[in-house]
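Structure record follows, encoded as structure tokens.
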Amino acid sequence: MYKIGIPLAIAFLLVGCGGEKNISPKSSMFQSVHEHEAILLQDGKNKNYCCRCGMDLVKYYKTSHSATHDDTVYQYCSIHCLEDHLGEGIMLKNPKVVDVSSLKFIDSTKAYYVVGSQKSGTMSKISKYAFANEEDAKKFQAQFGGEIMDFYKALEIAKKDFKYYK
């Protein structure tokens, strides 16, 4: 009886233990998407990786940012890595961020950021997710918490992420 009962009980426990929908099969992280859903804006052999830290841009897609410097487009895994590049005195143009709802890049300066939600952050303990419209940001906030703010305030918080190391 036990030979059949225990394996059967374990099988029932494992049924339905799949991850969330629209998450990369490589990971169960909220930040991840399927490779075909990611828009990679950089060129070259390392286009799949953050230009600052080397993290996988598909794996950390929902926190991806981009900007242009001297006609070169850079893509970052997070607002922290964008801020890190700015911290070197680089003048970046056309900052963009991934809209969590559509997975498309939008103007960072017009985005609604939800900062400090229950979803994990990228390169920070404090999460920062962006939305093209305020309604989507409010829905996310209602479900996962956090504070809604603009790009500049989110960037200020990102500057403090590693203040002890700078």
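The values are calculated or read from the model by the stated rules, or taken from the named source; none is laboratory data. Remember, it's a predicted structure, so these values are computed and weren't measured experimentally. Methodologically, a virtual Cβ is constructed for each residue, glycine included, from the backbone with ideal geometry; neighbour enumeration extends over all protein chains shown.
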Count of the stretch 143-157 residues which are exposed (fewer than 15 other Cβ atoms within 10 Å of the Cβ) and touching a Ser or Thr at 6+ places or on another chain (Cβ under 7 Å): 1
query: How do the strands (runs of 3 or more DSSP E) wholly within the stretch 105-148 filter down when requiring 3 or more residues that are under 22 Å from residue 29 (Cβ atoms) and either at pLDDT 95 or above or touching a strand residue (DSSP E or B) at 6+ places or on another chain (Cβ under 6 Å) (or both): which remain?
result: 112-115, 128-131
field: For residue 140: the one exception among (1) surrounded by 13 or more Cβ atoms within 10 Å (Cβ to Cβ); (2) under 25 Å from residue 54 (Cβ atoms)
entry: (2)
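Here's the yes/no breakdown for (1) under 15 Å from the mean Cα position of the chain (by Cα); (2) at pLDDT 95 or above; (3) on the phi > 0 side of the Ramachandran plot:
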| site | (1), (2), (3) |
| --- | --- |
| 15 | no, no, no |
| 22 | yes, no, yes |
| 36 | no, yes, no |
| 44 | no, no, yes |
| 56 | yes, yes, no |
message: Can you report the number of residues in the stretch 49-74 which are in contact with a helix residue (DSSP H, G or I) (Cβ under 9 Å, 6 or more places away or on another chain) and not in a helix (DSSP H, G or I)?
response: 11
- request: Within the stretch 91-104, work out how many residues are assigned to a strand (DSSP E or B) and either among the polar types (S, T, N, Q) or within 14 Å of residue 135 (Cα to Cα) (or both).
  value: 2
